[in-house]
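Take a look at the following structure, please.
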Amino acid sequence: MAKTIMVIDDSASVRQVVGITLRGAGYDVIEAQDGKDALSKLNGTKIHLMVCDVNMPNMNGIEFLKASKQLPAYKFTPVIMLTTESGEDKKVQGQAAGAKAWMVKPFQPPQLLNAVSKLILP
Amino acid sequence: MIADDMVSENDHARDLYTLSESIIPLWSQNIEEAKLLTNKSIEDLSLKFANLSQQVRHAINSDTHENSSQLVSLLQQSQEQLSSVIDLLKTSIDEKEALIGSISELAAKAKSLGNMADIVTRIANETGMVAVNAAIEAARVGERGRGFAVVADAVKRLSSDASRTASHISVTVNEVTKGIRKVEQHSQESAEQDAQTLANADKVVSLVLEQFGGMANKLVKASEAMLSDNRNVSQEIDQVIVSLQFQDRVSQMLSNVCLNMNELSALIANREDIGDTDEWLDTFRSKYVMQEQYDIHANQQHGHLSTSKIHKKTRSSPQPDLGDLTFF
């Protein structure tokens with residue numbers, strides 16, 4: 001059975017590219033356009049990994065990360081932050097909030113797939 | 001004079017306010033519209049290229065190599081199977097040769113039978129002569145030779161029977177020999193034809209296999225070349241996908257500009273104090289998300305550089321590693 005990855009980004013083109021990259025590698029993908037939308041879709045569905053942007057309206061990536069770690073079903077779900085932010089202070093915030101990796105956009109599809117394969121839940 | 005200057009300054013400020021009140025919202029809306037149009041186009045392009053990438057990756061991974069291996073395997077199997085057919089033909093020819101040998105032996109034995117029939121005929125003839133001589137002697141002897149004459153008569157009859165039988169045997173043996181000769185001849189001719197057929201078949205099979213092998217090699221090479229081209233295309237497409245992600249960065253930069261313009265426009269419209277310039281710059285800077293924005297801001301503050309020079313300076317300064325990945 002295919003593993004499920006949630007992709008959270010306010011940019012539709014980024015969601016498309018990430019989605020097609022992951023689906024092409026055999027994963028099922030759930031898309032959300034910001035942190036609030038993502039939380040509404042975390043309704044107990046088994047999620048094996050999340051790829052999350054940082055700068056989003058309504059609820060940014062750091063806020064979503066903190067909120068999702070409060071949910072028992074998603075406390076240990078690995079999260080890769082995929083963002084234009086490259087500054088160390090934001091990276092530190094991400095790490096403190098529970099992110100497992102920080103990838104700066106633009107990304108190479110094979111690079112993303114490599115990171116996913118290393119972190120995804122069994 | 002000072003009053004005139006102050007009036008002129010006030011007029012200038014008022015004109016600037018009026019202009020700003022009208023033009024800044026227009027700038028903001030135009031930028032927003034440009035952002036939306038660019039977003040839409042880039043989304044469409046990204047989707048197309050991502051689909052292309054997936055198709056090419058599928059073509060690379062699917063069965064290209066498997067088809068080449070299967071073709072080579074099929075060629076080897078065909079060679080083995082055709083070789084076994086040739087071997088069967090050879091075996092059949094060998095068995096026919098053995099049959100011809102047996103027929104020849106049979107012909108030799110028939111000839112022996114003929115010889116035996118001649119001997120029997122000769123014996124019958126000589127026996128007949130003996131019987132005639134015995135009859136003559138019996139007649140010459142007279143009454144005392146009557147018994148002998150009877151025996152001579154019996155021998156004469158036996159001789160006739162033997163002679164007739166030998167004659168029949170000779171005729172039959174001749175006919176059998178003729179039949180065997182015909183079979184021998186036909187078998188020889190058939191064996192010669194089979195040998196020729198085998199030679200032809202061997203040639204044809206070798207030629208077909210050679211042509212098949214040549215074509216298979218060409219196909220395998222073409223398939224490998226196509227695989228290599230597909231890999232190159234896949235890498236190129238991945239690079240396009242990476243490049244198209246600039247839209248996200250541009251979109252964030254434009255959103256930041258629009259937000260700032262809208263805030264300023266609101267203050268101007270409400271005739272509120274627009275505040276300190278440095279505070280504005282700091283607020284604008286606080287929303288930056290990319291290194292390029294920080295560099296532009298720093299260059300602007302340190303000197304009046306043209307956009308192209310700022311761009312050149314930005315490009316020459318250390319860039320963040322795009323695609324940089326950090327595991328925690």
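Would you pick out the residues in segment B:211-245 that are exposed (fewer than 15 other Cβ atoms within 10 Å of the Cβ) and of a type in the set (Gly, Ala, Ser)?
B:Gly214, B:Ala222, B:Ala225, B:Ser228, B:Ser243
Applying the selection to segment B:53-92, what residues are over 25 Å from B:Gly214 (Cα atoms), more than 14 Å from every other protein chain (Cβ to nearest Cβ), of a type in the set (S, T, N, Q) and without any contact (Cβ under 8 Å) to a residue 12 or more places away in the chain?
B:Thr91 - this is the single residue of segment B:53-92 that is over 25 Å from B:Gly214 (Cα atoms), more than 14 Å from every other protein chain (Cβ to nearest Cβ), of a type in the set (S, T, N, Q) and without any contact (Cβ under 8 Å) to a residue 12 or more places away in the chain.
Which ones in segment B:32-86 are of a type in the set (Asp, Glu) and surrounded by 15 or more Cβ atoms within 10 Å (Cβ to Cβ)?
Within segment B:32-86, B:Glu32, B:Glu43 qualify.
Would you confirm whether any residue within segment B:36-56 is assigned to a loop (DSSP other than H, G, I, E, B) and hydroxyl-bearing (Ser, Thr, Tyr)?
No; the residues of segment B:36-56 include none that is assigned to a loop (DSSP other than H, G, I, E, B) and hydroxyl-bearing (Ser, Thr, Tyr).
Does B:Glu33 satisfy the condition of being in a helix (DSSP H, G or I), more than 30 Å from B:Gly213 (Cα to Cα) and under 54 Å from the mean Cα position of the chain (by Cα)?
So B:Glu33 fits the description; yes.
For (1) outside any helix (DSSP H, G or I); (2) touching a strand residue (DSSP E or B) at 6+ places or on another chain (Cβ under 8 Å); (3) among the small types (Gly, Ala, Ser); (4) at the interface with chain A (Cβ under 10 Å from one of its Cβ atoms), each residue gets a yes or a no:
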position: B:Val242; (1), (2), (3), (4): no, no, no, yes
position: B:Gln252; (1), (2), (3), (4): no, no, no, yes
position: B:Arg271; (1), (2), (3), (4): yes, no, no, no
position: B:Asp282; (1), (2), (3), (4): no, no, no, no
position: B:Tyr294; (1), (2), (3), (4): no, no, no, yes
position: B:Ala298; (1), (2), (3), (4): no, no, yes, no
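If I filter segment A:24-82 down to residues being over 25 Å from B:Met290 (Cα atoms), among the β-branched types (Val, Ile, Thr) and not in a loop (DSSP other than H, G, I, E, B), which single residue comes out as farthest from the other protein chains (Cβ to nearest Cβ)?
Ranking the qualifying residues of segment A:24-82, first place goes to A:Ile30.
With the condition kept exactly as written, say whether any residue in segment B:39-52 is among the β-branched types (Val, Ile, Thr) and more than 30 Å from B:Glu189 (Cβ to Cβ).
Yes, there is a match, as at least one residue in segment B:39-52 is among the β-branched types (Val, Ile, Thr) and more than 30 Å from B:Glu189 (Cβ to Cβ).
Kindly list the number of the only condition in (1) within 14 Å of chain B (Cβ to nearest Cβ); (2) touching a Ser or Thr at 6+ places or on another chain (Cβ under 6 Å); (3) in a loop (DSSP other than H, G, I, E, B) that fails for A:Asp10.
(2)
Could you tell me how many of the residues in segment A:88-122 are part of a loop (DSSP other than H, G, I, E, B), more than 12 Å from the chain's Cα centre (by Cα) and at the interface with chain B (Cβ under 8 Å from one of its Cβ atoms)?
Total satisfying the criteria: 4.
What pairs come up if the first residue lies in segment B:291-308 and is of a type outside the set (S, T, N, Q), the second is modelled with pLDDT of 70 or more and part of a loop (DSSP other than H, G, I, E, B), and their beta carbons are under 6 Å apart, counting only those six or more places apart or on different chains?
The qualifying pairs are B:Tyr294/B:Tyr288.
The values are calculated or read from the model by the stated rules, or taken from the named source; none is laboratory data. Remember, it's a predicted structure, so these values are computed and weren't measured experimentally. Don't worry about glycine lacking a Cβ; one is built from the backbone with ideal geometry, like all the others, and counts go over all protein chains shown.
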